[in-house]
Structures are given as C-alpha cells and as structure tokens.
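Asks: Structure below; questions to follow.
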C-alpha cells in the first residue's frame, strides 16, 4: 500500500510540475561605453530595433551607453522581460576614447545635462503596460558593509526619470546635482551612494548653472508621485 501511494504522489507531483509555466527569458543589456555619445538622440538603443528602425534602432557607432541601455530597457516588449542592465562590457585598457573615464578601479560615466539632450530614464513603449521588471546592476561592491565606493559612478545634473514599475537600482554612485523621479511603484534603491565624490571623501555640489539649488545629490534622492 505504501509503495502504491508513493507512486501516486510522485505522479501527481510530476503532473503539477508540468503545469508550471516556463519563465520568460531574461534579456541582459551590456553597457560597453562610458561616454554619453549623441545625447540628443531619442531613438538610439544598444541592440534593439523597433518599427524597421524608425522608432528605435542601434546607433551606427555600435556603442552601448548608459542612456541607450535605459531607452532599450524601456522599449522592449514584455516577452523580453525581466531585463538586467550591467556594466561588464566596459574596458579601460583597450586604447579607446573612453579609457580616460577609468582610473584603474572606478568608472566615471558622465551623462549630459545640456538643454538639448534627450530624456534620461526608463520609459515604457506603451502607457498601458508600465511593468518594467528591470534591474540596473553596477559592478559588485558592498557600500554599507565594507564602506566601499561604487565602481560605477554616474555624474550628471540631469533628472533620471523612472516611469516604469518594479525597478531595482543597485551598486551605483550618483553625483553632480542629479535627481531621480520615480513615477510608478515598487522602485528599490539599494547599495548606492548619493552626492559623494568618487573617492567618498567629500560632498559634491551640483553645477549652479544647471542646478539652481546647488544640491549635492538631488531635489529629493528618490521621489514618487504614484497615486493610489
């Protein structure tokens, strides 16, 4: 009787496992360029094309900047999610023009805050589907546990707009007067630094020409206007 019961339970478990839906494939977007190339473009991505290139397409230089990675993460369909943005493609010793942004241990990624620069952030392709399932993951670092500074530092006075839900931002440093404005829910900001110099020894105030409040970090490190 016990053997028969065990077989029945095993069969039921196997049937239930077969009924579990297959998880969506994850898309990884690899940032491989530290400079903010062609910041005025509103359609350049890293690898993604939409609308035969009329809406979104990779830039002709083939480079994946942080701004382009964010745009692609917002534009991709739900079938491509969850999406992770990583910075493992950066190479500070290959003789390219962005090597100057690397000091042997840490990257400085400047993001243009000029008036003619394009929006900087995560924007859904459709306002009816704002679920992001996006993780923005800097290089491994333990900011709180080991008092380490992030290996990826974002320098800008530009507001980072998050118009998608379910977004995690971790392992990054932000300075230069920028702010983050989250317009949806479930936004996690962890293991990051804000308003500190790359070495962590001083507070860096924003450029008063662009940031009239002369703020170190932001107009509120993380704000959210999502209504109930």
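Asks: Any chance region 142-158 includes a residue that's farther than 15 Å from residue 65 by Cα, without any contact (Cβ under 8 Å) to a residue 24 or more places away in the chain and in a strand (DSSP E or B)?
Replies: For region 142-158, residues farther than 15 Å from residue 65 by Cα, without any contact (Cβ under 8 Å) to a residue 24 or more places away in the chain and in a strand (DSSP E or B): absent.
Asks: If I go through region 164-179 residue by residue, how many of them are at pLDDT 95 or above and in a loop (DSSP other than H, G, I, E, B)?
Replies: 3
Asks: Would a scan of region 65-87 turn up a residue that is part of a loop (DSSP other than H, G, I, E, B), surrounded by 20 or more Cβ atoms within 10 Å (Cβ to Cβ), modelled with pLDDT of 95 or more and out of contact with any strand residue (DSSP E or B) (no Cβ under 7 Å at 6 or more places or on another chain)?
Replies: Yes, region 65-87 has at least one match.
Asks: Right, something else. Going by what's in this entry, would residue 94 be described as closer than 28 Å to residue 200 by Cβ and free of Cβ contacts under 8 Å to residues at least 12 places away in the same chain? Before the answer, list the steps.
Replies: Details: closer than 28 Å to residue 200 by Cβ: yes; free of Cβ contacts under 8 Å to residues at least 12 places away in the same chain: yes.
Judged against the criteria, residue 94 is a match.
Asks: If you don't mind, another one. Tell me, yes or no, whether region 113-133 has at least one residue that is over 18 Å from the mean Cα position of the chain (by Cα), over 20 Å from residue 158 (Cα atoms) and crowded, with 16+ Cβ neighbours inside 10 Å.
Replies: no
Asks: Which of the residues belonging to region 28-64 are within 14 Å of the chain's Cα centre (by Cα), crowded, with 18+ Cβ neighbours inside 10 Å and outside any loop (DSSP other than H, G, I, E, B)?
Replies: Across region 28-64, the qualifying residues are 29, 45.
Asks: Spot the failing condition for residue 55; the list is (1) touching a strand residue (DSSP E or B) at 6+ places or on another chain (Cβ under 9 Å); (2) within 30 Å of residue 155 (Cα to Cα); (3) modelled with pLDDT under 95, and only one is missed.
Replies: (1)
Asks: Would you mind finding the one in 200, 206, 220 that is at pLDDT below 85, out of contact with any helix residue (DSSP H, G or I) (no Cβ under 7 Å at 6 or more places or on another chain) and surrounded by fewer than 18 Cβ atoms within 10 Å (Cβ to Cβ)?
Replies: Numbers: 200 fails: at pLDDT below 85; 206 fails: surrounded by fewer than 18 Cβ atoms within 10 Å (Cβ to Cβ).
Step by step, each of 200, 206, 220 is checked, and only 220 is at pLDDT below 85, out of contact with any helix residue (DSSP H, G or I) (no Cβ under 7 Å at 6 or more places or on another chain) and surrounded by fewer than 18 Cβ atoms within 10 Å (Cβ to Cβ).
Asks: Name the residue, out of 98, 94, that is in a loop (DSSP other than H, G, I, E, B) and either at pLDDT below 95 or out of contact with any helix residue (DSSP H, G or I) (no Cβ under 8 Å at 6 or more places or on another chain) (or both). Walk me through how you get there before you give the answer.
Replies: Values: 98 fails: in a loop (DSSP other than H, G, I, E, B).
The conditions single out 94.
The values are calculated or read from the model by the stated rules, or taken from the named source; none is laboratory data. What you are looking at is a predicted structure, and each value in this text was computed from that prediction instead of being measured. Cβ: placed from backbone, ideal geometry, glycine included. Neighbour counts: every protein chain shown.
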